[in-house]
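The values are calculated or read from the model by the stated rules, or taken from the named source; none is laboratory data. Nothing here was measured: the structure is a model prediction, and the numbers come from that model. So basically every Cβ, Gly included, is an ideal-geometry build from the backbone, and we count neighbours across all protein chains shown. What goes into the accessible areas is simple: the full protein's heavy atoms, side chains included, and nothing from ligands, DNA or RNA. Shrake-Rupley method; radii C 1.70, N 1.55, O 1.52, S 1.80 Å.
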Amino acid sequence: MKLSDIQNTNLPRIAVLFGGNSSEYQVSLSSGSAVLRAIDTGKYMPIPVGISKEGRWFLYAGDYDAITADRWQESGKCFPIYFSGDQSAQGFLISIPSSEFSSNELSSDETASPRLVPLSVQAVIPVLHGKNGEDGTVQGLFALLGIPVIGCGILSSSLCMDKERAHQIASTLGISVPASFCAYEGISEDELYRAADSLGYPLFVKPVRAGSSFGITCIQDKSQLLAAVKEAFLYDTRIIIEEKIEGFEVGCAVMGRNFNPAGELTIGEVDEIELTDGFFDYTEKYTLKTSKIHVPARISPEKTKEIKDTAARLYLGLDCDYFARVDLFLTPEGKIYFNEVNTIPGFTSHSRFPGMMKSRGIEFPDLVNRLIEMEV
């Protein structure tokens, strides 16, 4: 990709954000690269926007393979991005070095200095997982800039990232949630022990606002509690201690605008996570060493419909928009419990969300371009 192609195109520009100041930086590189490759370049101009681990923003004009391998910042194809306070600009200011211009484009006093060049975009797809990307922060930034975001908005992003608030809303929708207790830093050991005892072991200890199972521990008894709490507090200032629901996890990919009735949402086939041991932690999510994902789930048609209906209620009740993955638990007795909603789920061709949509007949490139078509 050439910088001149990005600047001079007549196609709608779609900025795809990847990386980010988050523990899920590496996962985002894979998802972002996959989305960039899937965009129909006959209809749209993909604009790769990389965010470093330190939070620096760049327009990236290099090869997509370097994104996946985390070599994009070493490519010499990164141009710093700044933001304009003018909403009418609907885009970025790109710092472009003088070497990128021909001599007749530069005045005599510009030959050694970079130039800030405006670049408008028609929409942004933030493929940023976890904090500072999936929690409403980036969504708020682009709301201030007046740039449409293809994905959940500020409210739904922040609510779904907060496990406590999301469970509270799910409960008001009449959907069962695991019993839990929330704690802030500074809570006494006695309070923790009392709360855990009242819930009963085994338990999950989780950061309230973190993704990809970072900081989550499944504990079997009192002796493991304090270490698990310490681990969870590494990722957030608030943690949740939650009863373990017996059964297995099922997921539901949902796509559609939030002002549509549930019947107009596109819902993928339900998937099922089969675990040999433990829980679906970070390692299992990205290696599947001891687990399997079944699409469609090995459940009855009646239970499949009930899960899809529950996912649609949660999607709309939590104000989700464009797309999200709703994760639920199914007990041996057939009872459905809410787990969480991922507003920016893994988005490679082999990730769960695209896998569920593929089982419905929507291939990955079509999926990405359908999302863009909802806005552009």
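Annotations for the structure displayed:
- Stokes-Einstein D (µm²/s) once Rh is taken as the Kirkwood radius of the stretch 207-249 over alpha-carbon pairs, at 4 °C in 1.567 mPa s: 117
- Two-decimal Rg/Rh across the stretch 1-159, once Rg and the Kirkwood Rh are taken from alpha-carbon atoms: 0.97
- Computed on protein heavy atoms with a 1.4 Å probe, the accessible areas place H167, H294, H350 in the order H350, H294, H167, largest first.
- Subset of K43/K206; K292/K335; K53/K305; K2/K163; K131/K358 violating a 31 Å alpha-carbon distance limit: K43/K206; K53/K305; K2/K163
- Distance between the 7 Å Cα→Cβ label points at R165 and D366: 3.7 nm.
- Computed P(r) (all Cα pairs; the chain; 10 Å bins; percent): 5, 23, 31, 22, 12, 5, 2, 0
- At R0 = 56 Å, FRET efficiency that the Cβ-Cβ distance of L226 and S113 yields, to 0.05: 0.50
- MRE, 222 nm, helices only [DSSP H, n ≥ 4, -39500 (n - 2.57), over the chain, to nearest 500]: -8500 deg cm²/dmol
- For A297, the residues whose amide H sits under 5 Å from its own are V270, D271, E272, ignoring neighbours fewer than 5 places away on the same chain, with H placed 1.01 Å from N.
- For the stretch 105-200, the Kirkwood radius over C-alpha pairs fed into Stokes-Einstein at 37 °C and 0.692 mPa s yields D = 186 µm² per second.
- For the chain, the solvent-accessible area of protein heavy atoms averages 43 Å² per residue (probe radius 1.4 Å; ligands and nucleic acids excluded).
- Residue-wise HN-Hα coupling along the stretch 302-315, computed from phi with Karplus coefficients 6.51, -1.76, 1.60 (Hz; x: Gly, Pro): 5, 6, 4, 4, 5, 5, 5, 5, 5, 4, 5, 4, 5, 4
- Segment L234-L275, length gained on full extension (0.36 nm per residue, minus Cα span): 12.1 nm
- Stretching the chain fully between D5 and S300 yields a gain of 101.1 nm (0.36 nm per residue, less the alpha carbon separation).
- Taking the 1.4 Å solvent-accessible surface of the chain as the whole, the part contributed by carbon and sulfur is 48%.
- On the principal axes of its alpha-carbon atoms, the stretch 157-223 has extents of 34, 25, 21 Å, going from largest to smallest.
- The long axis of helix 25-38 is offset from the longest Cα principal axis of the chain by roughly 60 degrees.
- Projecting the Cα atoms of V326, P296, A312 onto the charge dipole of the stretch 290-337 (Cβ charges, centred on the Cα centre) puts P296 farthest toward the positive pole.
- For the pair Y82 and D197 in one chain, pulling the backbone fully straight at 0.36 nm per residue adds 36.3 nm over the alpha carbon distance.
- 3J(HN,Hα) from dihedral phi, the stretch 223-239, Karplus parametrisation 6.51/-1.76/1.60, rounded to Hz, x for glycine, proline: 5, 9, 5, 5, 5, 5, 5, 4, 5, 5, 5, 5, 10, 6, 8, 9, 10
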